[in-house]
Structures are given as structure tokens and as C-alpha cells.
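*Asks:* Before we start, here is the structure in question, set down as C-alpha cells.
The values are calculated or read from the model by the stated rules, or taken from the named source; none is laboratory data. Since we're looking at a predicted model, the values are computed, not measured. All Cβ positions, glycine included, derive from the backbone under ideal geometry; neighbour counts span all protein chains shown. Surface accessibility is based on the protein's heavy atoms, side chains included, excluding ligands, DNA and RNA. Shrake-Rupley method; radii C 1.70, N 1.55, O 1.52, S 1.80 Å.
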Amino acid sequence: MAGVKRERDAEDEEEEGKVEEPLKAEPLYFTNSSSRTHRLAELTANRQVRGKVPDRRSRHCPYLDTINRSVLDFDFEKLCSISLSHINVYACLICGKYFQGRGLKSHAYTHSVQFTHHVFLNLHTLKFYCLPDNYEIIDSSLEDITYVLKPTFTKQHISSLDKQGKLYRAYDGTTYLPGIVGLNNIKANDYANVVLQALSNVPPLRNYFLEEENYHGIRRPPGDIMFLLVQRFGELMRKLWNPRNFKAHVSPHEMLQAVVLCSKKTFQITKQGDAVDFLSWFLNALHGALGGTKKKSSIVTKAFQGSMRIFSKKLPHPDLPAEEKEALLQKEEYQEKMLESTFLYLTLDLPTAPLYKDEKEQLIIPQVPLFNILGKFNGNTEKGTKNFLKRFQLTKLPPYLIFCIKRFTKNNFFVEKNPTIVNFPITNVDLREYLTEEAQATEKSTTYDLVANVVHDGKPTEGAYRIHVLHHIWKRKETDDGNSHTGA
């Protein structure tokens, strides 16, 4: 007596109990060797028909005209709308909903029978299937759908992004510029949207994340969730710059879910946050997730990191007698000390806003030039912080410089917003005078042009953030050696 076990095709198997019963081993009885050979050949032929030979219907599916591209939205989390499982999820291309599995009794199979929706896309393998017949669909006309789900960029395409200002037309008929598309405000996440939008328009950062191969091989410790931030930011970047979008806006849903998870709910979708706090956390988290340390650089530090000298001097308590103050100032503890430090952005302080109304019973909104508040970094201006006096001077300028104007002050009772207007030029912001003499001799380019500007409208706790992004083709100011800097 001998037995041959009939095999199942791996592509027909589905996870989470969503599959048909496995085929059982079948005992075979033979009277002679020729009968056995014939039976084995028959079983082999059956396996080939079932798993190896392509179904003739694959290239002639009659249901392709039922696909509704206007309802397809791949920005949301890839989980089944019924079981909420992330495993083996398919998108129905007729209604846009997500379902798990495609075997008998699976949610996708049931949906196809109940609503006569037949074309499904596996969101992981990017393969199309017709249900309930359960055969793979092979058709080049579906390539635009897979590209929207997972956009890819060649080096040639990336290098030409800043050289063309061509408008593209989305499937819904609206025109848009890749990279200059809206991010949906799900509830109160505009503080994060403006930061993500600004960072997506910084060419070195953008170019790095448009190619998944740049960070795909980075190894993280087991159980580390921070790399999810890198993956989601890369996916969002590619969607923002996709020239073949179905719509002229993108939902950062998966990106923000990663932010909530990785920040341990410090930053949330449903609660307004501070854009500067988010920027600081996001840049440092992204740097760490890319394998960067204080000594090891990443694309984040290559684009934004500069350095400065901080001079600090301890002050005696103001209530002490004058003689005692003089004695303390002679001690080494109260002598000025110098510290070399790096930065990813510079915080600029505004002058105090007026408290009283003018003769017309109206508050005067003061205006200040950008270079006035930049005086903080000229090496001479002293700033008092508790029991210390500090001076700052720049020693190295980054390729892309971020200014954060400190408008909000918090105390135990409420948050105040300084309404002072800052006047700044859009191009040719020269920071040479804020560098040390040594740095001035080595830094060949110290001029910046504006890339993006984030503003806050309304009350401190109820307002909203907006962003202005440079979106026309422009020539950067080039120095003799071809180097230039850009500010955000």
C-alpha cells in the first residue's frame, strides 16, 4: 500500500482561518506498477492545472469596467473594515472598502457575493484578483492604481523635480503641482501638517525619502517602534510628490498615527499642539530612527544642523549686599564659560508686546525687522535666564536654516501670544555678521532664500496654523563656487 498527498497552492491559502479546509491525504491502492505510474501522472497534471498554468480569464476579466477610481483612497490605515485586522487585507476597487482574505467565508469573498463587487487589490502584494471566482487579474490598465498605492521615483525623476513647474491633472479633474498639495486636517492636526509640509519641500530631505532604498536597510533593535516614523514619513513624501494622484490632496492619517504611537500620545490628532514643540521632537526622533547619534550624522543633521558658541556667566543673588556680590564675582564659579553646541533650529525672541491701549482705545501691534531679533546671535547681546547671563554666536551655518519665533509664553494660569509682526525679506538674507571671525573666513556662502513660512492665526488655544510654500520655478542665488543656502 502506498499513499500520495495532494498539495495545495500557496497562493490559494489565506491566513487567520479565512481559507478552505485543507485537502486530506488520499490513500491509493495499486495492483501493478503501470497503474501506479498512471495515477501519479494524473495527480501531477491536476496540480499543474490548478496552480501553475495561468487561468485564461486572468487577461480577459469582464469586470474591469466596474472599477470606480473616484472612490479609491489608499491614505488610510490598511486594516479590514470588519475584523480590523492588518493581515492579508484587500481593497474592493468598486466601493473602496478594505476586507480581509479572499478564500471561502472570508470577508472579501462574502462582500463580493453579497454586493456583486468582483475586483480586489491585495494591499501588500499589489496583485489584483477577481472574486468569488478567485483568479488573478493581469492587465496593464490597472498600473495607475498600483502607482497611487505605492508611488516610486527614479533618480532621473528626482533630479528634475526642481527644474519643472508643470501642472498635473488629477483623476477628479483638479490641477496641482506635485509637492504643493493640501494635507487634510482630520480634526486638530494642523500644527503637525504645516511642519510635515515644510519639511517635504526641503530638497535633500525630500530626495532622500523619495527613494525607499536609502533607508530600507537600516537595522533597528528588536521591538523598536521608532523606525515606523521613518517608513510613514517616506510614504507620505512619495504621495505628496506623486505626479499621478487621483486627487489633489493627501490625508496624513497613517503618518499621524505613527506620531501618536512613537511620541507616546504627547502629540495627538484630536488635540491642538505647538508646531515648534512638534518640529523639535520630530527632527530628533527622525534622526535617532535613522541611526543617527551625537557623533553619527543622518540626513536630518546634514540638512539642518549648525553650531554655535554659548557664553554663560553665573550671577549672584540680587538681594545680596554689594560687597558680597563683588566677592562672589571674583570666584571661578562666577567667571564666564564658553560651550560649543549644535542646533537644528534657532529660536528668536520677540520684544515685549504693549500692555496699554493708545489714545484711540486700540492696541498698537508693533513691528520689528528680522535682523533686530537676529541680534541675539551677534556675540555681544546678553540675555538673562534666571541666575545666568548668556551670549550666543554662530560658528557654522547649515545648508537649510530654520527660525522659530517664540510667540507663546506659558505660566501657571494661561498661555499668552505675542502679536508682534516680523518683517523679513524673501531672498538674500545674509547672516555673515553673526558668525565668528574664524567662521567668516571659512564659510563661503552665508546667504539664504525663503522656502516656507508657517503662521499661527487666532487665539493661542483656539487658533490654527497655516503654511506658505514657495511653488514657482526660481533660480537660487549662486556664489562664485556654486554654493548657496536656503532657509525655511
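*Asks:* Pop the C-beta distance of LYS264 and LEU149 into the FRET formula with R0 = 30 Å and round what comes out to the nearest 0.05.
*Replies:* Plugging the Cβ-Cβ distance into 1/(1 + (r/R0)^6) gives 0.50.
*Asks:* Considering only the other residues whose Cβ falls under 13 Å of the Cβ of THR420, what net charge follows from Lys and Arg at +1 and Asp and Glu at -1?
*Replies:* Working: positive: LYS406, ARG407, LYS417; negative: ASP349, GLU416.
After counting each charged neighbour, the total is +1.
*Asks:* With every protein chain kept in place and ligands, DNA and RNA left out, what is the accessible area per residue of segment 151-290? Probe 1.4 Å, answer in Å².
*Replies:* 44 Å²
*Asks:* Using only Cα atoms, locate the centre of segment 412-440 and the centre of segment 239-313, then give the distance between them in Å, rounded to an integer.
*Replies:* Taking the Cα centre of segment 239-313 as reference, the centre of segment 412-440 is 22 Å away.
*Asks:* If you don't mind, there's one more thing I want to ask. What is the distance, in nm, between label points placed 7 Å from the Cα along the Cα-to-Cβ direction at SER307 and at ARG169?
*Replies:* 5.4 nm
*Asks:* Please arrange MET308, MET338 by accessible surface area, largest first, computed with a 1.4 Å probe and ligands excluded.
*Replies:* MET338, MET308
*Asks:* On to the next question. Taking 0.36 nm per residue of separation and subtracting the Cα-Cα distance, what length does fully extending GLU437 through LYS271 add? Could the numbers behind the result be given before it?
*Replies:* Values: separation 166, 0.36 × 166 = 59.76 nm, distance 4.59 nm.
Extra length from GLU437 to LYS271 when fully extended: 55.2 nm.
*Asks:* Going by the alpha-carbon gyration tensor, a ≥ b ≥ c the square roots of its eigenvalues, is segment 64-146 rounded (a/c under 1.5) or, if a/c is not under 1.5, prolate (a/b greater than b/c) versus oblate?
*Replies:* Rounded is the answer for segment 64-146, as its axis ratio a/c remains below 1.5.
*Asks:* If we count every other residue with Cβ under 15 angstrom of LYS247's Cβ, Lys/Arg +1 and Asp/Glu -1, where does the sum land? Please report the intermediate quantities before stating the final value.
*Replies:* Details: positive: ARG69, ARG169, LYS239, ARG244; negative: ASP73, ASP75, ASP144, ASP172.
Cβ neighbours under 15 Å give a net charge of 0.
*Asks:* If you don't mind, there's one more thing I want to ask. Considering only protein heavy atoms and a 1.4 Å probe, what is the carbon-and-sulfur percentage of the accessible area of segment 151-290? Could the numbers behind the result be given before it?
*Replies:* Numbers: 3240 of 6220 Å².
Percent of accessible area from carbon and sulfur atoms in segment 151-290: 52.
*Asks:* Between ILE364 and GLU382, with labels modelled 7 Å along Cα→Cβ, what's the label distance in nm to one decimal, could you check?
*Replies:* Between ILE364 and GLU382, the simple spin-label model gives 2.9 nm.
*Asks:* Related question: From the cross-link list LYS155/LYS295; LYS386/LYS417; LYS187/LYS417, which pairs have alpha carbons spaced over 26 Å apart?
*Replies:* Long pairs (Cα-Cα over 26 Å): LYS155/LYS295.
*Asks:* Can you bin segment 88-243 into rounded, prolate or oblate? Criterion: square roots of the alpha carbon gyration tensor eigenvalues sorted a ≥ b ≥ c, rounded for a/c under 1.5, prolate for a/b above b/c, oblate for the rest. The partial results should precede the final answer.
*Replies:* Values: a/c = 1.92, a/b = 1.58, b/c = 1.22.
It is prolate, given that a/c is not under 1.5 and a/b is the larger ratio.
*Asks:* Largest first, how would ASP190, ASP55 line up by accessible area (1.4 Å probe)?
*Replies:* ASP55, ASP190
*Asks:* Heads up, I need the accessible area for CYS404: 1.4 angstrom probe, whole protein in place, Å², nearest 10.
*Replies:* Only protein atoms counted, so the area is about 10 Å².
*Asks:* Rounded, prolate or oblate for segment 151-290? Axes are the square roots of the Cα gyration tensor eigenvalues, ordered a ≥ b ≥ c, and the cut-off for rounded is a/c under 1.5.
*Replies:* It comes out oblate by the Cα gyration axes.
*Asks:* Longer than 21 Å from Cα to Cα, which of LYS127/LYS166; LYS337/LYS383; LYS314/LYS410; LYS150/LYS264; LYS166/LYS247; LYS296/LYS406 are they? Say none if no pair is. List each step's numbers first, then the result.
*Replies:* Working: LYS127/LYS166 31 Å; LYS337/LYS383 15 Å; LYS314/LYS410 25 Å; LYS150/LYS264 28 Å; LYS166/LYS247 16 Å; LYS296/LYS406 30 Å.
LYS127/LYS166; LYS314/LYS410; LYS150/LYS264; LYS296/LYS406, as the Cα separations exceed 21 Å there.
*Asks:* With the full set of protein chains in place, find how many percent of the accessible area of segment 64-146 is carbon and sulfur; take the probe as 1.4 Å.
*Replies:* Of all accessible area on segment 64-146, carbon and sulfur atoms account for 56 percent.
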